[in-house]
Amino acid sequence: MPTGPPRDQTPSPGFSGELAGSTTDVIQALNQVLEDQIIHGTHVFDKEPTLTGATVVASTPLFEPWPGPGRVFYKIRKDVVAPRHFRESEDMGTIAVRYVVNSADQNRTRIRIDAIFVETARRRLHPSDGTVESSEFKVIQEHLQAIQFAAQETADAEAPA
């Protein structure tokens, strides 16, 4: 297992976006995505378009420590062979996805997503081409909308007629 990101390679610029929702709701949606055991937006074999087997971890040495504000979450998938949407990946390694959640204001939350693939043998880092990050964001957004819809239905049901 690699013990840190290679220093000579530039990681992906990542993906940042804002979601219309409280930080609490966004973290609830993110937790659902973290627990689904899928790395969205990549796969290994064309016959299996979903990469499963991902696990939630408290931290990973594959990323430098996050220097900024926000809550940081990680999901990794070990023993992946040449995953799609990681530049020049040709070996076995680990995919790591980092999520950083910050409150923009009471009703808006910023999320940054970074995805990398690090080869086990040569320790080369391969940044995502952006597909993984945007796919993860889309799934978080879908979960957030479902949470908000359920909350609105509950509020409507409890409102006096």
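The values are calculated or read from the model by the stated rules, or taken from the named source; none is laboratory data. On a predicted model such as this, the values are computed, not experimentally measured, just so you know. In this analysis, Cβ positions are derived from the backbone assuming ideal geometry, glycine residues included, and neighbour counts consider all displayed protein chains. Ligands, DNA and RNA are excluded from the accessible area calculation, which covers all protein heavy atoms including side chains. Shrake-Rupley method; radii C 1.70, N 1.55, O 1.52, S 1.80 Å.
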Next item on the list: Arrange the peptides 23-31, 68-76 so that the one whose residues have, on average, the most other Cβ atoms within 10 Å appears first.
Entry: 23-31, 68-76
Item checked: Heavy atoms of R77 accessible to a 1.4 Å probe, total area in Å² rounded to 10 -> 50
Next item on the list: Relative to the longest principal axis of the C-alpha atoms of the chain, give the angle of the C-alpha long axis of helix 23-34, reported between 0 and 90° and rounded to the nearest 10°.
Entry: 50
Note to self: Using only the heavy atoms of the protein chains and a 1.4 Å probe, how would S128, S22 rank by accessible area, largest first?
What the structure shows: S22, S128
Next item on the list: Roll a 1.4 angstrom probe over the protein heavy atoms and tell me the percent of accessible area of the chain that is carbon or sulfur.
Entry: 51
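Using alpha carbons only, what's the Rg to Rh ratio of region 62-111 with Rh from Kirkwood? It would help to have the intermediate numbers written out before the result.
On the way: Rg = 14.6 Å, Rh = 13.0 Å.
Value, to two decimals: 1.12.
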Note to self: Compute the helix-to-body angle for 131-158: its Cα long axis versus the longest principal axis of the chain, expressed 0 to 90° and rounded to tens.
What the structure shows: 20
Margin query: Just checking my list (1) 11.3; (2) 11.9; (3) 10.5 against mean projected area of the Cα convex hull in nm² computed from this structure; which label fits?
Written below: (3)
